[in-house]
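Right, one structure below, let's go through it.
Here, each number is a calculation from the coordinates, and none is a lab measurement. Quick caveat, the model's predicted, so the values are computed rather than measured. Here the Cβ is made from the backbone with ideal geometry for all residues, glycine too, and neighbour counts use every protein chain on show.
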Amino acid sequence: MQEVKIYEYAVIRLVPKVEREEFFNIGLVMFSKKAKYIRAEFHLCPDKFALMHSKLDYEDVQHNLDNFKAVANGEKSGGEIALLDIPERFRWLTAVRSSVVQTSRPHPGKTVDLDATFERLFEELVR
């Protein structure tokens, strides 16, 4: 019998005009403390991005998302925050902020397969 793992996830959002608080989902970050698991993935569609009528630069946003993923993965390129342990990195990534890349509040769940659950949530909430 496979062990049930408790996890938390947050939807990553692009907020083109922060003052309007409008957003669309572009990614997902998920972690499990006991499993020492963290994963972040994005899907930033260039065609959808072009429909925003925003002054945002696609390459700048993509660079921010790459940094987000570097922090999640604990890569040195993510800076000092990336060197924290997994729960601290997840809390930092999901902290409330006023920027063009934001996350939803974290949501809990239980699963026996973290990657399969991540893929299902990503398809349901992002694609």
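Sum up the charges of everything whose Cβ sits under 13 Å from the Cβ of VAL11, counting Lys and Arg as +1 and Asp and Glu as -1, but leave VAL11 out. Kindly include the intermediate steps, with their values, before the conclusion.
On the way: positive: ARG13, ARG105, ARG127; negative: GLU8, GLU41, GLU123, GLU124.
The answer is -1.
Total Lys pairs in the chain closer than 22 Å by alpha-carbon, pairs eight or more apart in sequence or interchain only?
Qualifying lysine pairs in the chain: 15.
Taking K and R as +1 and D and E as -1, what net charge do the other residues with C-beta under 15 Å from the C-beta of LEU65 add up to? Kindly include the intermediate steps, with their values, before the conclusion.
Details: positive: ARG13, ARG39, LYS48, LYS69, ARG97; negative: GLU41, ASP57, GLU59, ASP60, ASP66, GLU75.
Once positives and negatives cancel, what remains is -1.
Not counting the cut sites, what is the longest span of the chain without GluC sites (Glu not before Pro) that DSSP labels loop and that have at most 10 other Cβ atoms within 10 Å? Each step should come with its number before you reach the end.
Values: sites that count: GLU3, GLU21.
Answer - 22-127.
Would you report the distance distribution of C-alpha pairs in segment 5-125 as whole percents per 10 angstrom bin, up to the bin with the largest distance?
For segment 5-125, the pair-distance distribution reads 13, 45, 33, 9, 0.
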